[in-house]
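Note sheet for the following structure.
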Amino acid sequence: MTDDAETRDTTGRMPRWIGRAVVLFWVGYLVVLLVKYGFDRVRDLLLVLLVSLFLALAIEPGVDRLVRRGWRRGRATLAILLGVLAAGIVFVAAIGTMVGTQVADLLQNSETYVNRTVDFLNDTFGTNIDPQSVNDSISDPNGAVQEFIRNQQDRVLRLSVAALGFLLQVFTVLLFTFYFVADGPRLRRSVCSRLRPDRQERVLDIWELAIAKTGGFLSSRALLAAISAFLHWIAFQAIGTPAPVAMGLWVGLVSQFLPVIGTYIAGVLPLLLTFIDSPPKALLVAGFIIVYQQIENYLVSPRITARTMELHPAIAFGAALAGAALLGPVGAVLALPAAAMFTAIGAATGVRHAVVDSRLTQIDPSVNPPEPRSGRRRKQRGT
C-alpha cells in the first residue's frame, strides 16, 4: 500500500522542470519581441552605418596616399568626399536635365509622337486605331490621362519631402564616413588596446583584408561599368537613341552598382526615350540590353569578379540575391565585398591537408588523369 501511494503521488505531480521550461519559453519570447522591436527602430541607422563603413573602406587607400604626401588626414578625407559628392551631383544633374528636356519636348509635340506611335501599331499589328481619337482622349480634361497628370501634381509635396529625407540620409552617411576615415587610426588603437597582441594582429589583418576586398569590388565594378558604358554607347549611337553618350554612362554605372537587376532598371530610361522618338528603334534597344545582360552574366562578369575579388561567381550571385532580400538594392551592393571578405577569412583559417588523387577531385581530367582507386589497391596487393 505504501509503495502504491508513493507511486501515485509521484506520477500525479507535475515535474519541477516543466515550470522552469514554461518561464524560460516566455522570457525568450519576450526577449525576441524586444530585439525585433529595437531592430525595427534602428534599422535605418544600421543601414546608414553599413553604407558609411563601406565608403570608408573604399576611400581609405586614397586618403592614406594623400597623408603620405603630407596632407592632414582630416583634410584628405574631406577632399576625397567632396570629390565623390561633386561627381555624383554632376552625373545626376546631367541625367535630370536630359530627362527634363525630353519630357518638355514630349509635352510640346505630344500629337506628333502619338501619331507616330499609332502608325507603328497599325502597320505592325494590323490594328485600326484612329490617331485623332487618341489625341482627343489625351487632351480631354475629364479623361483618364489628364486625371492621372493631376494626381501626379498632387504628389509633388510628398516627393519633395522624400527628396529632403534622402538628402538628409546622404549628409548623415558622409558625416559618419568622414569620422570613420579621419579618426580611423584612433578608432583602431582604441579597439586594439582592449585585446591581447595576437588578437590585435588578427583584427588588423581582417581590417586590411576588408579594405582590399572593398577595393577589389570597386575596381571590378568600375571595369564592368566602363565596358558596359562603351558597348551601350556604340549600340545606342548605331540605333539612334537620344543622347547616346549620356545613356551609355547611365546604363553602365547603374547596371554595375545595382547587381542582378541593375541593367534592366537602367535600361528603362533609354528604352522610353527611344520609344518616344521611334517605337521600332525601341525594340532594338530592348533586344540589345537583354542580350548584353546575358553575355555579361555568363561570360564577362564571372571572369572579372573572380580575378579582382577572388570570389566564385556562384557565391557572388547568391550573396547579391541574399543582400537584396535583406536590405534591398543597398544590400545587394554591400553583399559582394562582404562575401569576398568572409570567404577570404574562411580560407585563411583552419588546417589544410593534401587532397587524395581521385577523378572527383581532378580539376582537369585530361591532364594526368588519376588511376581508379580499385586499380591502385590491386597493384598494392600484388606487390
Starting from residues that are loosely packed, with under 12 Cβ neighbours inside 10 Å and under 23 Å from MET247 (Cα atoms), keep the ones in the stretch 98-124 and report whichever is modelled with the lowest pLDDT. LEU107
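So, TRP26, is that one in a helix (DSSP H, G or I), of a type in the set (Phe, Trp, Tyr) and at pLDDT below 85 or not?
Judged against the criteria, TRP26 is not a match.
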Among the candidates LEU223, LEU167, LEU272, LEU175, which residue alone is under 19 Å from ALA58 (Cβ atoms), modelled with pLDDT under 90 and out of contact with any Leu (no Cβ under 8 Å at 6 or more places or on another chain)? LEU223
Just a yes or no: is a residue in the stretch 182-201 under 23 Å from ALA338 (Cβ atoms), of a type in the set (Gly, Ala, Ser) and under 22 Å from the mean Cα position of the chain (by Cα)? no
Restricted to the stretch 1-20, and to residues that are modelled with pLDDT of 70 or more and surrounded by 10 or more Cβ atoms within 10 Å (Cβ to Cβ), which residue is nearest to PHE176 (Cα to Cα)? ARG20
So for the stretch 223-230 (the condition being outside any loop (DSSP other than H, G, I, E, B) and either more than 21 Å from GLU296 (Cα to Cα) or free of Cβ contacts under 8 Å to residues at least 12 places away in the same chain (or both)), does at least one residue qualify? no
Scanning the stretch 104-127 for residues that are more than 16 Å from VAL145 (Cα to Cα) and among the charged types (D, E, K, R) gives ASP105, ARG116, ASP119, ASP123
Going by the conditions given, is GLY216 of a type outside the set (A, V, I, L, M), touching a residue at least 60 places away in the same chain (Cβ under 8 Å) and either touching a strand residue (DSSP E or B) at 6+ places or on another chain (Cβ under 7 Å) or under 26 Å from GLN256 (Cβ atoms) (or both)? yes
Given (1) under 18 Å from the mean Cα position of the chain (by Cα); (2) surrounded by 22 or more Cβ atoms within 10 Å (Cβ to Cβ); (3) of a type in the set (Ser, Thr, Tyr), identify the lone condition not met by TYR264. (2)
Within the stretch 342-356, tally of residues that are modelled with pLDDT of 75 or more and surrounded by 10 or more Cβ atoms within 10 Å (Cβ to Cβ): 2
Residue within the stretch 39-57 that is touching a Leu at 6+ places or on another chain (Cβ under 9 Å), at pLDDT below 85, of a type outside the set (S, T, N, Q) and within 30 Å of LEU273 (Cβ to Cβ) present: no
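The values are calculated or read from the model by the stated rules, or taken from the named source; none is laboratory data. Since the structure is predicted, the reported quantities are computational estimates derived from the model, not experimental observations. When we count neighbours, we look across all protein chains shown, and the Cβ atoms used for this are built from the backbone with ideal geometry, even at glycine.
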